[in-house]
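To start, the structure itself, in structure tokens.
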Amino acid sequence: PVRGRTRDRDDNLWISTFYNGLVLSRHNSRCYLKWDACKEIQNIKGLTRDAKGQVYFATDGNGFWISDVVSGTLREVRGTQGYKFQCAWFDEVGGLLWATDFRGQVISINPADGRIRKYQAGGEDVKKTENIITIKRIGDELYLGGIQGLYIFNPETESQVTRRVKGLDKR
């Protein structure tokens with residue numbers, strides 16, 4: 001199953017799969033090649049890129065990785081080993097990687113120093129742990145799409161994700 005797609009700084013197309021690793025198509029080719037640079041990233045749950053065109057991969061249990069297309073290798077983002085990520089997104093405004101895990105945590109990762117901050121998704125009105133599957137910034141807030149609804153979150157002022165958008169929640 002395809003989990004994501006993006007283009008890097010050289011306009012190469014990256015396709016992430018859950019079970020079969022990465023597929024890469026060079027910018028001047030329609031040929032799709034399996035990229036076997038790292039065996040730890042066979043189960044990819046999230047794919048994103050930063051403003052420089054570097055591609056990041058969030059795996060199901062084997063950490064967050066960043067691509068190095070020139071050398072053909074991947075480098076693990078420090079401190080991310082063991083997380084079972086669900087989705088990934090790079091915030092150009094804050095310069096942080098954002099991800100979620102299957103335990104309902106929303107996680108910010110500073111790729112420069114490996115600093116990680118965690119926020120719990122859900123709240124008293126949510127009967128079980130929320131599973132966030134998409135993240136997007138609008139203004140100063142992050143919009144988090146989950147199985148049980150849509151949440152709005154300001155990581156600068158809030159300690160957990162609790163503001164659910166009414167009318168879009170699962171009943």
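The values are calculated or read from the model by the stated rules, or taken from the named source; none is laboratory data. It should be emphasised that the depicted structure is a prediction, and the values quoted were computed from it without experimental measurement. Backbone-built Cβ (ideal geometry, glycine too); neighbour counts: all protein chains shown. Keep in mind that these areas ignore ligands, DNA and RNA; they rest on the heavy atoms of the full protein, side chains included. Shrake-Rupley method; radii C 1.70, N 1.55, O 1.52, S 1.80 Å.
List of remarks:
- Fully extending the segment from residue 152 to residue 10 would add 47.7 nm, taking 0.36 nm per residue of separation and subtracting the current Cα-Cα distance.
- Where Rh is the Kirkwood radius over Cα pairs, Rg/Rh for the chain: 0.98
- Where the chain is the region considered: accessible area per residue in Å², 1.4 Å probe: 53 Å²
- Taking the DSSP beta bridges with both ends in the chain, the antiparallel portion is around 95 percent.
- Charge context of residue 53, other residues only, Cβ under 9 angstrom, K/R +1, D/E -1: 0
- Amide hydrogen neighbours beyond the local backbone of residue 146, cut-off 5 Å, H modeled: 133, 151
- For the chain, built as a Gaussian network whose Cα springs stay under 10 Å, the top-fluctuating residue of 34, 84, 52: 52
- Among the listed pairs 118/166; 45/136; 45/166; 52/118; 45/118, those beyond 20 Å (Cα-Cα): 118/166; 45/166; 52/118
- Of the accessible area of the chain, computed with a 1.4 Å probe over protein heavy atoms only, carbon and sulfur atoms account for 48 percent.
- What the Cβ-Cβ distance of residue 52 and residue 136 gives, at R0 = 22 Å and to the nearest 0.05, is a FRET efficiency of 0.65.
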